[in-house]
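**Q** Here's a structure for you.
The values are calculated or read from the model by the stated rules, or taken from the named source; none is laboratory data. These numbers come from a predicted model, not from an experiment. Ideal geometry is used to build each Cβ from the backbone, glycine not excepted, and the neighbour counts take in all protein chains shown. Only protein heavy atoms, including side chains, enter the accessible area calculation; ligands, DNA and RNA are left aside. Shrake-Rupley method; radii C 1.70, N 1.55, O 1.52, S 1.80 Å.
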Amino acid sequence: QVQLMESGGGLVQPGGSLRLSCAASRSIFTLNAMGWYRQAPGKERELVAMFTSGDITNYADSVKGRFTISRENAKNTVYLHMNSLKPEDTAVYYCNAKYLQYHFWGQGTQVTVSS
């Protein structure tokens, strides 16, 4: 079992920045993957950014060059640094972790990009 606690969402103007945090209840070294998905109203949940085994990072094409995923191993925490935010980035952002063959999800945090 893995519990995930997210924080950092909110309202930001276009062009602004936000940082999301996700703290895991177990060492992230034991996880197969950890990262972020998002779901906008009326759309399917999509991958945003993810660490996979071997320290490989994957990003959605729509966020490359604007978003960066990082981690702080001592705190079992993964961050999503979001810059140059656009209205189309508005969504609920979910932290995701894969442990063995199981996927675990956080409760979600709302990010709204609007003037």
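**Q** Pick from MET82, MET50, MET34 the residue whose mean-square fluctuation is largest in a GNM of the chain, springs joining Cα atoms under 10 Å.
**A** Looking only at MET82, MET50, MET34, the biggest GNM fluctuation is shown by MET82.
**Q** Separation between the ARG45 and GLN110 pseudo-spin-labels, each 7 Å from Cα along Cα→Cβ, expressed in nm?
**A** Result for the modelled spin labels: 1.9 nm.
**Q** Alpha carbon centre of the stretch 80-115 versus the stretch 17-47: separation in Å?
**A** Result: 6 Å between the Cα centres.
**Q** Enumerate the amide H contacts of ARG26 below 5 Å, restricted to partners 5 or more residues apart or on another chain; note that Pro and chain-start residues carry no placed amide H.
**A** Amide H neighbours of ARG26: GLN3.
**Q** May I ask you to list the residues of the stretch 90-110 whose amide nitrogen lies under 19 Å from a point 7 Å from Cα along the Cα→beta-carbon direction of ASN58?
**A** Residues 93-106 fall inside that zone.
**Q** If you don't mind, there's one more thing I want to ask. With the other protein chains left in place, how much accessible area per residue, in square angstrom, belongs to the chain at a 1.4 angstrom probe?
**A** 53 Å²
**Q** Would you tell me the accessible area of PHE29, worked out with a 1.4 angstrom probe on the heavy atoms of the protein chains, in Å² to the nearest 10?
**A** 150 Å²
**Q** Determine the share of the chain's accessible area contributed by carbon and sulfur atoms, expressed in whole percent, with a 1.4 angstrom probe.
**A** Here it works out to 48 percent.
**Q** Taking the Cα centre of the stretch 1-85 as origin and charging only Cβ (+1 Lys, Arg; -1 Asp, Glu), how large is the dipole, in debye to the nearest 20?
**A** The dipole of the stretch 1-85 has a size of about 100 debye.
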